[in-house]
Each structure stands twice: as structure tokens, then as C-alpha cells.
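Here the structure comes first, spelled out in C-alpha cells, and everything after it is commentary.
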Amino acid sequence: MRSALDQWHMGKVIAAYRAHPHHGRPLRQETVAAWVGITQPQLSRIENGPPITDLGRLTQWARLLHIPANRLWFQVPQQRAARPPVHASAPAAEPPPVPVPVSARATVSGQGEDAAAAVAAWRAVDAQIGGAHLYATVTTYLRDHLSPRMFCGEGTQVFTAAAALTEMAGWMAHDAGDDDRAGRHFARARDLSGVGDDPHLRVHVLASLAHLAHHRAHPDDAIGYAAQGQRELTAGPAHPELAARLWALQARGHAAAGRSRETRALLGRAETALQGSHSAAPSPWVSPFDAASLAGDAARCMRQLGDLLAAQRHAQRVLELRPAGRTRSRAFGHLTLAGVLIERGALDQACAVATDVLHTTGSLGSYLVIQQLRDLRDQLQPHRAIACARGFLDHLAEALRQREWLYQLTTDTTQPRTSPTP
């Protein structure tokens, strides 16, 4: 292992890890490849081909294998979410397709804190490789390990854990392009959260329903879900981040209707809410919403209102605040910025920004990113006579063809379908 690390070759590190006697027997390439949503031949090429140079992919493997920072030849970006522990030491059984965090095993005993750690671990992986790769793992865990325990007298914590994981599955289905399935997951999560013991989780699910309504171009429904969430949140302990998210979701609804004054006021309330403090320990089930998240929502709002300078400023702030490990979030920021630059006539800048997305998202299993790239292609087509646009469009066409394999991995679980830009 030391020799592999000294060669600065992640593929050799992975091969040494698979063969380490700690596991009792060598781990198969198929098993380790599935942990990150790739195929056995792809892992074989990583192990035997030239060294990986993409920071996002290097970071993904470093975190997955828990390689100490002082052994790495690159710097791993800081990340707030928990890292997924490696699940591979038991020789008696194969790990699942993507490793189920060890802490997730405690979920079936009703230990909510450990289940929340599992959710955080899956979120960390999802932020790097996309939901298409993880959907089958999370839903299989729900079906085979958690659902049978929900009616065995283990208390409300089991329902809370089931609601959180069901809501997570909804986001993964959404990221894979299946909004009908995502809607069913969110509705089920709302029902389960009513039986559980965490009021913040229920509000969090309402926010997810609002986001999906926006994606389906139903802004009035989105405003309704977000307003309902605000009412329920007011009745319980303060949660500044969740409140800010709900205000931002309402702002997006008003922006879609062209109501500038209401939109700006609501974005201001969201910014103020983020400065607040929790009146009790924050819910471990609620995903983070921070200044970068708000900047992304503000960029969408300002673009819809036609304030392109403000939209550009907010999109650039997303990129300033998001670390390299947040691959999908940075991709959305880049693509929003590229679209705004095209509208402003800055084609050279737009193509440079969009090219950066192609370089950093090659292994990202996100249908939403692919769809936004297609939307960007359509936006650039009228400018094809200009050299920079023509060169990027040719590059993009090849990149889109090469990414078709991402959806073959999830053919039996989530079927991508065309939908509007989020």
C-alpha cells in the first residue's frame, strides 16, 4: 500500500486495498467498482491505466478508502457532510452495490443517531457522484432492512428514519430524471414523517415537495408547500436554515410569475433567517442549506426576472463558496452562470465556463446536469456561426454521447425522461 501511494497512482492504491489481507479475502473488482457506480471494466482501466488526474475523482476515492491526508499527494477539499465508512471487511458476505455505511445497521434497532449518520454519509457520496448511482442501494436498504421493522413495536424513531431515507430516495430519483417516482417518494415521506418524532423532518419534506413543484413548472403549488412548511416551522423550535430555504422557495414561485418586489423581499427574509440561531439541537435529518444554496436560488430568481447582472453575481458567489468536492452543486452554478453570460452576449466567457463543467462532471451520474447541458446546447445553437460557440458545441456533442453509459447503470430502477431545467 505504501508503494502504491508513493507512485501517486490511485488505481494502484485501489488494487492494493482490494488485495489487503485485512479483508480476509481479496475484494472483487465488481464489488469495489459498484461502490462508486462504475463497471468492472472501468475499474480495471483505472487500476491498470494511466494515473487519475481529476481532483474530483481522486477526492472521491480518497474519502471512500479513508486514506490519511498525510499519505496523499493532493489536498482533499473540506466537506461538512460525514464521509461514508468503508464496508468491506466481513468475508462471509458481499457488500451491497454502493457501501451501506456501517452506522446504517443500527437503524434497524431504532437508534436514530446512527441512522442519521448513515443518511449524512449517503448525502456525501451523492454530492460527488450523483443520485443515479445510489438510488438502488438506498431503496433496497429501505425495502429489505428497514420496512420490516416499522411494525415491530420499535418506536417512532424507525418511522422517522424511514421518512428520511424515503425523502432521500426521492431526491435521487429526481436527480436521475424520474420526477413521477420522486413525487411518490416525497408523498410517502410526508406520510411517514407524520408518524415519526421529528417535526423539522416533516417541514424538510414539504420543502422537497415545493422544489419538485418548481421543477414541474407549478409555482403556485410550490408556494403553497413552502408556506405550509413555514406555518409548521413557526409552531416548533427555530431552525434558521430550514426557514431560509422555505423563504427562498417562495421567492422562486413569485419570480416565475414575474413579481419582482415580492421576490426580492422574500430573498431578503431568507438571508436574514440564515443569520438566526437554533432554539434547540438541529434535526440531524435535515440537509444543509447555506449561503451558497441561497445564492443559487437567488441566481435563478434574478434570471427569471431579467436582472442578468444580479443573476451573474449570485451564480459567481455559488462558485466562490462551494468547494471542489461538491461536484454537482458547482456544476449547477457553472451552468447557470454560462446561461446568463450567453444572454448577456459574452459568448467567449460562457463557453469557457461550460467547458469547465464538461471537464469536472465526466463521472457524475446526474440526469439534471445532463439536461442542463442540453438546454445550454439549445441556447447556443443560434450562435453556431461564431467560432467559440461552434467549437464548444462540437465538444459538447461528443461529451453527451460518451455519458450515455451513466443511465445504463440505472435502467431497471430509474428511467430518465426529459423535463424542464430546474
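Quick one: which of 46, 38, 14 is assigned to a loop (DSSP other than H, G, I, E, B) and β-branched (Val, Ile, Thr)? Even if it seems obvious, please write down each step before you answer.
Details: 46 fails: assigned to a loop (DSSP other than H, G, I, E, B); 14 fails: assigned to a loop (DSSP other than H, G, I, E, B).
Criteria check complete, one pass: 38.
In segment 49-59, what count of residues is obtained for those that are assigned to a helix (DSSP H, G or I) and of a type in the set (Ser, Thr, Tyr)? Quick ask: steps written out before the conclusion?
Taking segment 49-59 first, the residues assigned to a helix (DSSP H, G or I) are 55-59.
With the extra rule that they be of a type in the set (Ser, Thr, Tyr), the set shrinks to 59.
Residues that pass the stated criteria total 1.
For the condition more than 28 Å from residue 126 (Cβ to Cβ) and modelled with pLDDT under 95, what is the one hit in 260, 283, 287, 279?
Working: 260 fails: modelled with pLDDT under 95; 283 fails: more than 28 Å from residue 126 (Cβ to Cβ); 287 fails: more than 28 Å from residue 126 (Cβ to Cβ).
None of the other options fit; the residue is 279.
Out of 403, 328, report the one residue that is of a type in the set (Lys, Arg), under 23 Å from residue 302 (Cα atoms), touching a helix residue (DSSP H, G or I) at 6+ places or on another chain (Cβ under 9 Å) and modelled with pLDDT under 95. Walk me through how you get there before you give the answer.
Values: 403 fails: under 23 Å from residue 302 (Cα atoms).
Within the list 403, 328, the selection yields 328.
State whether the residues of segment 320-331 include one that is outside any loop (DSSP other than H, G, I, E, B), more than 21 Å from residue 172 (Cβ to Cβ) and more than 19 Å from the chain's Cα centre (by Cα). Spell out the reasoning first.
Quick first cut of segment 320-331, residues outside any loop (DSSP other than H, G, I, E, B) only: 320-321, 327-331.
Now narrow it down to the ones that are more than 21 Å from residue 172 (Cβ to Cβ): 320-321.
Adding the requirement that they be more than 19 Å from the chain's Cα centre (by Cα) leaves none.
No, every residue in segment 320-331 fails to be outside any loop (DSSP other than H, G, I, E, B), more than 21 Å from residue 172 (Cβ to Cβ) and more than 19 Å from the chain's Cα centre (by Cα).
Is it true that residue 273 is closer than 25 Å to residue 235 by Cα, among the small types (Gly, Ala, Ser), at pLDDT 95 or above and touching a Phe, Trp or Tyr at 6+ places or on another chain (Cβ under 8 Å)?
Details: closer than 25 Å to residue 235 by Cα: yes; among the small types (Gly, Ala, Ser): yes; at pLDDT 95 or above: yes; touching a Phe, Trp or Tyr at 6+ places or on another chain (Cβ under 8 Å): yes.
Answer is yes for this residue.
Please enumerate the residues belonging to segment 17-35 that are in a helix (DSSP H, G or I) and at pLDDT 85 or above. Full working, then the answer.
Of segment 17-35, the ones in a helix (DSSP H, G or I) are 17-18, 21-23, 29-35.
Across segment 17-35, the qualifying residues are 17, 18, 29.
With respect to residue 384, determine if the residue is surrounded by 12 or more Cβ atoms within 10 Å (Cβ to Cβ) and at pLDDT 85 or above.
Details: surrounded by 12 or more Cβ atoms within 10 Å (Cβ to Cβ): yes; at pLDDT 85 or above: yes.
Criteria met by residue 384.
Out of the residues in segment 235-289 that are of a type in the set (D, E, K, R) and in a helix (DSSP H, G or I), which is surrounded by the most Cβ atoms within 10 Å (Cβ to Cβ)?
As a first pass, look at segment 235-289 and keep what is of a type in the set (D, E, K, R): 241, 245, 252, 259, 261-262, 264, 269, 271.
Checking which are in a helix (DSSP H, G or I) leaves us with 241, 245, 252, 261-262, 264, 269, 271.
Values: 241: 22, 245: 30, 252: 24, 261: 8, 262: 16, 264: 19, 269: 18, 271: 16.
Only one residue fits best here, namely 245.
Conditions tested, residue by residue: (1) out of contact with any helix residue (DSSP H, G or I) (no Cβ under 7 Å at 6 or more places or on another chain); (2) part of a helix (DSSP H, G or I); (3) at pLDDT below 90; (4) more than 18 Å from residue 143 (Cβ to Cβ).
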| site | (1), (2), (3), (4) |
| --- | --- |
| 161 | no, yes, yes, no |
| 167 | no, yes, no, no |
| 174 | no, yes, no, yes |
| 191 | yes, yes, no, no |
| 214 | no, yes, no, yes |
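Which of the residues belonging to segment 195-234 are touching a Pro at 6+ places or on another chain (Cβ under 9 Å), of a type in the set (Lys, Arg) and either under 22 Å from residue 276 (Cβ atoms) or buried (at least 24 other Cβ atoms within 10 Å of the Cβ) (or both)?
None; the set is empty.
Got a number for residues in segment 134-159 being closer than 23 Å to residue 204 by Cα and modelled with pLDDT under 75?
Result for segment 134-159: 2.
What are the pairs with Cβ atoms under 8 angstrom where one residue, in segment 255-283, is under 27 Å from residue 303 (Cα atoms) and the other, located anywhere, is in a loop (DSSP other than H, G, I, E, B) and small (Gly, Ala, Ser)? Sequence gap at least six, or different chains.
Taking only residues 6 or more apart or on different chains, the pairs are 256/217.
So which pairs qualify, if the first residue must be in segment 378-400 and under 18 Å from residue 360 (Cα atoms), the second must be exposed (fewer than 12 other Cβ atoms within 10 Å of the Cβ) and of a type outside the set (D, E, K, R), the Cβ gap must be under 8 Å, and the two must be at least 6 apart or on different chains?
That search, which allows pairs on different chains as well, returns 393/381.
May I ask you to say which residue of 214, 200 is within 17 Å of residue 286 (Cα to Cα) and not charged (D, E, K, R)? Full working, then the answer.
Working: 214 fails: within 17 Å of residue 286 (Cα to Cα).
When all the criteria are applied, what remains is 200.
Tell me, yes or no, whether segment 324-338 has at least one residue that is touching a residue at least 12 places away in the same chain (Cβ under 8 Å) and under 18 Å from residue 241 (Cβ atoms). Spell out how you get there, then give the answer.
Keep residues of segment 324-338 that are touching a residue at least 12 places away in the same chain (Cβ under 8 Å), which gives 324-338.
The next check asks that each one be under 18 Å from residue 241 (Cβ atoms); those that pass are 326, 329.
Within segment 324-338 (the criterion being touching a residue at least 12 places away in the same chain (Cβ under 8 Å) and under 18 Å from residue 241 (Cβ atoms)), the answer is yes, since at least one residue qualifies.
Looking only at segment 326-342, which residues are surrounded by fewer than 23 Cβ atoms within 10 Å (Cβ to Cβ) and polar (S, T, N, Q)?
329
Quick check, is residue 345 outside any helix (DSSP H, G or I), of a type outside the set (Lys, Arg), without any contact (Cβ under 8 Å) to a residue 60 or more places away in the chain and surrounded by fewer than 17 Cβ atoms within 10 Å (Cβ to Cβ)?
On the way: outside any helix (DSSP H, G or I): yes; of a type outside the set (Lys, Arg): yes; without any contact (Cβ under 8 Å) to a residue 60 or more places away in the chain: yes; surrounded by fewer than 17 Cβ atoms within 10 Å (Cβ to Cβ): yes.
Yes; evaluated as a whole, the condition is true for this residue.
The values are calculated or read from the model by the stated rules, or taken from the named source; none is laboratory data. Quantities reported herein were computed from a predicted structural model and do not represent experimental measurements. So basically every Cβ, Gly included, is an ideal-geometry build from the backbone, and we count neighbours across all protein chains shown.
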